[in-house]
Amino acid sequence: MQAFSLTINGNAVSVTAAADTPLLDVLRNHLGLVGTKFGCGVEQCGSCMVLVDGKPEKSCGKTLSGVAGRDIVTIEGLGTPQHSHPLQQAFLDEQAGQCGYCLPGILISAKALLDRNPAPSRGEIARALDDNICRCGSHARILRAVARAAAQMRQGDAR
Amino acid sequence: MSDAAPAMLPPALIDNPRLDQWVGFAEPGHVRVATGKVEIGQGVLTAMVQIAAEELDIMPERIRLDAGDTDLTPNEGYTSGSQSIQFGGVALRLACAEVRGLFLDHAAAVSGHPRAELAVRDGAIIRGGEPTGHDYWSLAGAIDLGRAATGRTPIKRAGEHTVVGTNAPRVDLAAKIFGEAVFVHDMALDGMVHARLVRQPRRGATIATVDEAAIRRAAKGPIELVRDGNFLAIVGADETVVEAVAAIAPGHVAWDGVDPINPFQEEARWLLQQPSIDRTIGAPPADPASGARRREASFTRMHIAHASVAPSCAMAVYRDGRLEVWTHSQGVYPLRAALARTLKLDPSTISVRHVQGPGCYGHNGADDAAADAAVIAFKTPGTPVRVRWRREEEFGFERVSPAMVTTVSATLDASGRPADWTTEIWSGRHTSRPGGGGNLLAAEALPDPPPPPPPTESSNAPGAGTRNGDPLYAFPAKRIVHHLIAETPVRTSSLRGLGATLNVFAIESFMDELAEAAGVDPVAYRLSVLADPRARAVVERAAAMSGWQPPSSPSPASGRGQPPSSPSPASGGGQGGGAAGRGRGIAFARYKNLAAYAAIVAEVEIDESVRVTRVWCASDAGLVINPDGAINQLEGGIVQAISWALKEGVRLDTAGISSRDWDTYPVLRFSEVPEIECELVGAVTDNPPLGIGEASGGPTVAAIGNAVAQALGTRLRDLPLTRERVMAALLKA
Ligand code: FES
Ligand code: FES
């Protein structure tokens, strides 16, 4: 057991746990941030996606010591019902989801995409989400929602 | 109000007759509504709120909905079979209408105003648009809802609806989008421990040895082993520690009685050689003398996994002689009964509460995970126990949808239309829920396990393996021959669509073959044998949406169904033999022949492997409570069916299911999802609501099959339509 410092959703936190604890377990069990989901534990489904220094990463495959000192953003850091991120608003507007289990991971992947490409095509959005599994088949809506958020963010920037 | 003959009550109201089981006004300003149906991603909570708000004339925001809780809600069995709205919603609708009527009767009596002049507006009793001073809450004390529903109060007509038929946003979606703790996986109780199972590899297998020392050595923190018979679990406060031990523990447990299975059985043709329970329903056997113009074709598919995006999870605590279980099971009451049998407890001492999980699409590991948690909790009183299955455990031990063979044959009349039709089906059982003759995995591992469930399954409509085996077409004589296979290499149970998926694929593929042989456009051919006007309407609508073009000449592969301008660089559509091609196909079914109608047109491109590029869907689901929710269900079914058609099949090795991750069990990814266009035909109507959740799957698979046949110039009859199968077909052509 050892104490590690990291930044989560803008807050400095210290976590005392084994160095090889998966970041996903740190978030869910040590910090109570259960928005990030377990799907497979072996980096195949994208349910556990978070941003590490702005890049989308599967938190099940990252260790606590590996992310020490890094800047992590989870779904809880994306927005709140009071201050929603345009992506979250667009997912609500498009009613993009069924069971919704996949959505936090998908929203994080989408955020990473829009940060680097503010005007992605449908194909570019799809490719950016290929690491995320949605078994309910909400894909068509999710693709529309990401495009809608991108358009809204571009408009916001233009103002 | 009519005093007509006693109404036919829906089964849910017969089973749960008291109105106070459905509606209550204890909390001022709010209405408690209860449903025995549960949210599995299909939007049922939202639809139930809309139904109740409509018939009670209150704002949806006032409704507090309880769903799937043995302490709080009616017993409506399972949330399955696309029946939640068609049956559960209809029951709730009648109950709410009756409650509103009772309040109006009472308001008329106490106010002296004629009943006909009174109405309800957001819970207040009004007259001529003005408040009367009475409302649901002020009158509630005087009205005993502990009375049986009569089902005689008229419900609103479609034209009067203000909430039903609107696209109310999903009541559960925002919390998911903001990452709140909505899933059973996200529950945390004080003092809870985490548990993982070392699964019994096969029914009847017994533990020979457990190297406890080795297991404990691997633990980087405190753990306990909980063992009873062949039930073995690892328990500890730190999930990371428990998970790591669970990953290595199976290597330290030796089992007896694990017979190897035959990996050859991953493809379905072995079913034809198995002993079976045989039944024929429908027309008497065909006259063999009439076989002059007889055609036949046989279709197969492998076992299919539910493959929920996350493995199953449950929480349980046994405290003060009461067992409390939180689960994403589709049936809290049947699960409670099964847990009572397993633990030899009185069911009244068990509370089972539904908490949402990842979409399940049928009988996945949810019930079994709940039983695991319940058994461990029972053995460790006072401690809340959280069981989360491992990913490979879900793939390896959930019940899968059985492999199937469906052979269709027809004797044709002079016009090339079937005069006599047979659908012959070979399948393992599609129904082994704990309330439907199946065993919980935990029960099989505990001492004194229940006997293997007998292979029983009704062949009669709506059927399970035989589902949709009876085509809706107006053929003079039709029959189903059902071979229920008793022994399957792996446990099987229900998956969205059950037997309908392969049966519709077989029937609708064969219809295209017959149309082609008759030299008739597939749409026109279907319409020529389709009498039901609602069926005709969806076929015509889907064809119109896609710009379907009848063939320019009767030659079978002349680019029928091609869009008016379809210059694809890869186009060799329908000419056959090319390395690449493009095609369109149509297919139709009415799910169970009693739920929603759906017709699908699919467009594919083939360049070694199949790519679905466009899908059009027209569906008639009668009165639709929430059109956007219904379309969401159609779309989801379409995407899942594309995945089934192109990619999915459970892999077996001698140890059992070997496809235990997303690499070996691939599903459709975002880049592979086509543009999808869905339309509801006749949604504002007084036709009763029809279940829509499973309507699009079978027709989608079949439309893809027909499109592929057109593109390749040869038909693939075994699912999935993989690159290997396409290449083999191209080589043969
Ligand atoms: S849980 Fe991390 S990728 Fe699946
Ligand atoms: S909405 Fe259920 S997995 Fe995506």
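Listing for the model above:
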quantity	calculated
Qualifying position, being without any contact (Cβ under 8 Å) to a residue 40 or more places away in the chain and crowded, with 24+ Cβ neighbours inside 10 Å, among B:Val639, B:Val624	B:Val639
Within the range B:178-203, tally of residues that are in a loop (DSSP other than H, G, I, E, B) and either modelled with pLDDT of 95 or more or under 23 Å from A:Asp20 (Cα atoms) (or both)	14
Residues within the range A:42-54 that are more than 14 Å from ligand 2 (Cβ to nearest atom) and surrounded by 24 or more Cβ atoms within 10 Å (Cβ to Cβ), tallied	1
Cβ-Cβ under 7 Å pairs, at least 6 apart or on other chains, the range B:659-674 side closer than 12 Å to B:Glu648 by Cα, far side in a helix (DSSP H, G or I) and of a type in the set (S, T, N, Q)	B:Val667/B:Ser643; B:Leu668/B:Ser643
Complete set of residues in the range A:10-41 that are surrounded by 22 or more Cβ atoms within 10 Å (Cβ to Cβ), out of contact with any helix residue (DSSP H, G or I) (no Cβ under 7 Å at 6 or more places or on another chain) and outside any loop (DSSP other than H, G, I, E, B)	A:Val26, A:Arg28
Of all residues in the range A:131-141 being within 11 Å of A:Gly46 (Cα to Cα) and either surrounded by fewer than 24 Cβ atoms within 10 Å (Cβ to Cβ) or within 8 Å of ligand 2 (Cβ to nearest atom) (or both), the one that is farthest from the other protein chains (Cβ to nearest Cβ)	A:Asp131
Number of positions in the range A:29-47 that are farther than 17 Å from A:Ala17 by Cβ and more than 8 Å from chain B (Cβ to nearest Cβ)	2
All positions within the range A:38-62 that are of a type in the set (A, V, I, L, M, F, W, C), near ligand 1 (Cβ under 7 Å from one of its atoms) and in contact (Cβ under 8 Å) with a residue 24 or more places away in the chain	A:Cys45, A:Cys48, A:Cys60
Residue match in the range B:112-125 (condition: under 22 Å from B:Gly36 (Cα atoms) and either in a strand (DSSP E or B) or under 41 Å from the mean Cα position of the chain (by Cα) (or both))	no
Matching residues, the range B:615-669, being closer than 30 Å to B:Val163 by Cβ, part of a loop (DSSP other than H, G, I, E, B) and more than 10 Å from every other protein chain (Cβ to nearest Cβ)	B:Ala621, B:Gly622, B:Leu623, B:Val624, B:Ile625
Residues (within 9 Å of chain B (Cβ to nearest Cβ) and surrounded by fewer than 24 Cβ atoms within 10 Å (Cβ to Cβ)) located in the range A:95-118	A:Gln95
Within the range B:107-129, tally of residues that are in contact (Cβ under 8 Å) with a residue 60 or more places away in the chain and surrounded by fewer than 16 Cβ atoms within 10 Å (Cβ to Cβ)	2
The range B:401-441 - residue that is in contact with a strand residue (DSSP E or B) (Cβ under 6 Å, 6 or more places away or on another chain) and β-branched (Val, Ile, Thr) and, of those, surrounded by the most Cβ atoms within 10 Å (Cβ to Cβ)	B:Thr406
Any hit, the range A:119-130, residues being within 16 Å of ligand 2 (Cβ to nearest atom), in a loop (DSSP other than H, G, I, E, B), within 20 Å of A:Ser59 (Cβ to Cβ) and more than 8 Å from chain B (Cβ to nearest Cβ)	no
Given (1) within 16 Å of ligand 1 (Cβ to nearest atom); (2) touching a residue at least 24 places away in the same chain (Cβ under 8 Å); (3) more than 16 Å from B:Gly179 (Cβ to Cβ), index of the condition A:Asp130 fails	(2)
B:Thr79 vs. criteria surrounded by fewer than 17 Cβ atoms within 10 Å (Cβ to Cβ), not in a strand (DSSP E or B) and not aliphatic (A, V, I, L, M)	no
Residues (without any contact (Cβ under 8 Å) to a residue 12 or more places away in the chain and away from ligand 1 (no atom under 13 Å from the Cβ)) located in the range A:1-33	A:Asn11, A:Ala12, A:Ser14, A:Asn29, A:Gly32
Criterion (assigned to a strand (DSSP E or B) and either without any contact (Cβ under 8 Å) to a residue 60 or more places away in the chain or under 28 Å from B:Thr488 (Cα atoms) (or both)) met by exactly one of B:Val317, B:Val325, B:Val309	B:Val325
Single match in B:Glu224, B:Glu243 (criterion: farther than 27 Å from B:Val481 by Cα, within 14 Å of chain A (Cβ to nearest Cβ), surrounded by 15 or more Cβ atoms within 10 Å (Cβ to Cβ) and at pLDDT 95 or above)	B:Glu243
Whichever residue in the range A:93-127 is in contact with an Asp or Glu (Cβ under 8 Å, 6 or more places away or on another chain) and at positive phi and, among such residues, is farthest from ligand 1 (Cβ to nearest atom)	A:Gln95
Residue among B:Thr132, B:Thr150 that is touching a residue at least 60 places away in the same chain (Cβ under 8 Å), surrounded by fewer than 21 Cβ atoms within 10 Å (Cβ to Cβ) and not assigned by TED's automatic domain parsing to the domain that holds B:Gly331	B:Thr150
Residues located in the range B:18-55, provided they are surrounded by fewer than 18 Cβ atoms within 10 Å (Cβ to Cβ) and assigned to a loop (DSSP other than H, G, I, E, B)	B:Ala26, B:Glu27, B:Pro28, B:Gly29, B:His30
Qualifying residue in the range A:76-94 (condition: within 8 Å of chain B (Cβ to nearest Cβ), away from ligand 2 (no atom under 16 Å from the Cβ), among the acidic types (Asp, Glu) and assigned to a helix (DSSP H, G or I))	yes
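Conditions tested, residue by residue: (1) at negative phi; (2) away from chain A (no Cβ under 14 Å).
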{"position": "B:Lys176", "(1), (2)": "yes, no"}
{"position": "B:Gly179", "(1), (2)": "no, no"}
{"position": "B:His185", "(1), (2)": "yes, no"}
{"position": "B:Val193", "(1), (2)": "yes, no"}
{"position": "B:Arg203", "(1), (2)": "yes, yes"}
{"position": "B:Asp211", "(1), (2)": "yes, yes"}
{"position": "B:Ala214", "(1), (2)": "yes, yes"}
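A quick yes/no check of all residues on (1) out of contact with any Phe, Trp or Tyr (no Cβ under 8 Å at 6 or more places or on another chain); (2) under 22 Å from B:Glu393 (Cβ atoms); (3) surrounded by fewer than 24 Cβ atoms within 10 Å (Cβ to Cβ):
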| site | (1), (2), (3) |
| --- | --- |
| B:Met315 | no, yes, no |
| B:Tyr318 | no, no, no |
| B:Tyr333 | yes, no, yes |
| B:Gln356 | no, yes, no |
| B:Gly359 | no, yes, no |
| B:Ala366 | yes, yes, no |
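The values are calculated or read from the model by the stated rules, or taken from the named source; none is laboratory data. Keep in mind that this is a model prediction, so the values were computed, not measured. Virtual Cβ from ideal backbone geometry, glycine too; neighbours counted across all protein chains shown.
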